[in-house]
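K.L.:
My questions all concern the structure below.
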Amino acid sequence: MALDLASTLGAAQNAIGAVGGAINTASKLGDAISKGFEDGDVLSALRAIDLPTAGEAVGDLLSAVASFGGDANSNDWRVRLSLANWSSFRTSPVLAPLKDAGGLIFPYTPSISMSSKATYQPVTTTHSNYTFRAYQNSDPGEISITAPMNVEDPTQGLYWIAAVHYLRSLTKMFTGNDPKAGNPPPIIFLNGYGNYVFKNVPCVVTSFSTTLNKDCDYIGVNVVGSAAGSIEGVAEGIGGLAGALGGAIPGLSGITDAVSNIAGGVGQVAGLLGTFGIGGTTSGGVSHVPTKSEFVIKLQPIYSRNSVRNFSLDRFVGGGYLNNSFGWV
């Protein structure tokens with residue numbers, strides 16, 4: 001009976017392999033099942049077929065991929081950070097998994113802590129047994145997110161890299177040769193758990209941290225980068241080399257200055273191309289991501305002066321801001 005079952009499943013495995021590119025041959029599957037019947041543990045024998053030796057990706061089983069996407073509608077209560085509304089973020093090939101998902105969606109339920117504070121200034125009064133306090137201001141407080149980020153296949157590995165790259169980018173300002181130089185880090189929107197919890201809350205990322213653990217496996221994934229960004233990197237290298245030569249060899253300052261100017265111009269052009277999504281992609285090489293990690297993100301709700309000036313507590317209490325473009329906490 002065991003041999004008949006092994007033959008049947010072996011034939012099925014051949015069919016699956018022809019359609020979906022299965023990772024094992026039918027003979028290996030048959031041998032594993034036969035061994036499983038002998039040892040009394042079929043499932044264990046099946047799981048042990050061609051285990052990866054160094055955490056590398058084994059391949060797609062029936063081309064299965066992870067999906068993090070979904071529309072940000074009223075029925076979607078997952079915790080989500082919107083993609084920054086800047087062209088460079090939306091055209092970045094590294095951030096493509098987040099764009100396809102509709103933002104940074106935490107695949108596992110995170111732990112979130114939030115607070116709200118009202119400050120009352122003490123009024124010192126002589127000959128009084130009690131201190132009087134005058135209201136000073138209120139503060140929505142910091143929102144802290146601790147999120148597990150487990151990775152099981154290359155698709156999830158690309159999502160992990162995109163999330164890390166995105167959160168690190170949100171803690172930096174536009175400067176240098178950026179066409180938007182001088183702008184602070186982008187504002188993003190937090191959604192989750194329904195309209196009365198987090199509804200389009202405008203936030204800035206004040207800190208982000210994660211740990212690359214030593215006691216877990218790592219998966220290698222192929223990452224793509226911007227060709228325009230590679231051009232800019234080469235241009236910066238040429239400019240730096242030209243400056244070094246100019247200082248070391250007298251009489252070449254004019255030539256090296258010209259090379260530096262050309263390099264700087266190429267860098268600016270490459271930056272503009274990247275901003276508008278022009279320049280294609282290039283291989284970013286293989287990156288390795290941990291199969292088990294945790295993100296710690298600190299968010300600070302932030303509102304403009306004009307928005308605060310028009311704020312109404314009566315409207316807030318009555319739930320009148322639910323359909324607003326951004327939410328209050």
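FYI, it's all coordinate maths here, none of it is from the lab. This one's a predicted model, so the numbers in the text were calculated from it and none came from an experiment. With ideal geometry, Cβ positions are generated from the backbone for all residues, glycine too; neighbour counts draw on all protein chains shown.
K.L.:
Considering the dipole of segment 96-166 built from charges on the beta carbon (Lys and Arg +1, Asp and Glu -1) around the Cα centre, which of Ser128, Asn150, His165 is farthest to its positive end?
P.N.:
The listed residue farthest towards the positive side: Ser128.
K.L.:
Can you list the residues, at least 5 places off or on another chain, whose amide H is less than 5 Å from the amide H of Phe198, using H built in the peptide plane?
P.N.:
The list, which skips near neighbours in sequence, is Gly192.
K.L.:
Would you mind calculating the relative contact order of segment 74-198 from Cα pairs under 8 angstrom and at least 6 residues apart, reporting the percent as a whole number?
P.N.:
On the way: 173 pairs, mean separation 41.5, N = 125.
After rounding, I find 33 percent.
K.L.:
Let me ask you something else. When the Cα centres of segment 76-139 and segment 178-206 are compared, how far apart do they sit, in Å?
P.N.:
9
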